[in-house]
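Q: The structure that follows is given in the form of structure tokens.
The values are calculated or read from the model by the stated rules, or taken from the named source; none is laboratory data. Keep in mind the model is a prediction, meaning the values are calculated, not measured. Here the Cβ positions follow ideal geometry from the backbone for every residue, glycine too, while neighbour counts run over all protein chains shown. Accessible surface is based on the protein model in full, side chains and every heavy atom, while ligands, DNA and RNA are left aside. Shrake-Rupley method; radii C 1.70, N 1.55, O 1.52, S 1.80 Å.
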Amino acid sequence: MNIIVCKNYEEMSQHGAQMIASLVKEKPSCVLGLATGSTPEGMYAALVEMCKKGELSFKDVTSVNLDEYYPIDPANDQSYRYFMNHQLFDHIDIDKANTNVPDGTAADPVAECKRYEQLVTDLGGIDIQILGIGRNGHIGFNEPDTKLMLDTHVTDLTEDTIEANARFFASANDVPRRALTMGIGTIFKAKKIVIMASGASKRDAVSAMLERTIDTSFPATMLNLHPDVTLICTADVLD
Ligand code: F6R
């Protein structure tokens, strides 16, 4: 795993944005795998800035997001579709029809996961997949378990994740208990993976990932099997 250590969140965000910008310039019709959460917010702001200055265009880019709560309406301000529109898509020149987030309103969530998996396959995989890391080692919503799923699937969120994400909702009771998420195999369809982490709260998770062991009870360790993974983190993560 390549490791890029940044002095602060701002520098980490700029680094991530530059990696995406280089890819988009080199391959304007690339497929970006995107994440939500607080970690990539600064990176999205930096990309919006580049686009506004006319340095970058997303007009031929396709995006696929990692996950979505289930059930949730896209108009709900806690949905990941809402997050992506507000943080990025509404402010850049991407064609919204080419942005994909699993459908949190699907009547049949299993069929929706199948459709999403096929979509990633039909796109020819992902050029660069951005990931955050959960304090419990989850990537996407692949939660610690004795088995991990390869394909996009419906998952129950762990109490730890519900508690970590409750900060965005009125209360922990309002956090949906399920989600639709790319599986480990879907994420591994990415040619390049960039995992970002900032702050001391991610220290234990990142150090477990860097142990170079494989453990389904710590899903981020799976990344040690992928040939092209870069960790971009702030220095306090490695203290
Ligand atoms: C988000 C996602 C999650 C987050 C992780 C870290 O789409 O799939 O795995 O990346 O929970 O979240 P933050 O960045 O809020 O610490």
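Q: Return the calculated 222 nm mean residue ellipticity for the chain, to the nearest 500 deg cm²/dmol, obtained by summing -39500 (n - 2.57) across DSSP H runs with n ≥ 4 and dividing by the residue count.
A: -8500 deg cm²/dmol
Q: Taking the Cα centre as origin and putting +1 on Lys and Arg beta-carbons and -1 on Asp and Glu beta-carbons, what dipole magnitude results for the chain, to the nearest 20 debye?
A: In total the dipole reaches around 480 debye.
Q: Shifting gears a bit: Quick one: among LEU56, LEU223, LEU32, which has the greatest mean-square fluctuation in a GNM of the chain with alpha-carbon springs under 10 angstrom?
A: Result for the chain, Cα springs under 10 Å: LEU56 fluctuates most.
Q: Further question: Starting from the exponent 0.38 and prefactor 2.2 Å, build the expected Rg for the chain from its residue count and divide its actual Cα Rg by it.
A: Relative to the 2.2 N^0.38 Å estimate, the chain comes out at 0.94.
Q: Okay, next question. Rolling a 1.4 angstrom probe over the protein heavy atoms, how many square angstrom per residue are accessible across the chain?
A: Spelled out: the 1.4 Å probe surface of the chain, per residue, equals 43 Å².
Q: Still on this model: Can you pull the percent of the chain's accessible area that's carbon plus sulfur, 1.4 Å probe, other chains left in place?
A: Carbon and sulfur atoms account for 50 percent of the accessible area of the chain.
Q: Mean projection of the alpha-carbon convex hull of region 98-232 over all orientations, in nm²?
A: Dividing the Cα hull surface by four gives the mean projection, 8.6 nm².
Q: Enumerate the calculated ³J(HN,Hα) couplings along region 197-211 in order (Karplus 6.51 cos²θ - 1.76 cosθ + 1.60, θ = phi - 60°), each rounded to whole Hz, writing x wherever the residue is Gly or Pro.
A: 8, 9, x, 4, 5, 9, 4, 5, 4, 5, 5, 5, 5, 7, 5
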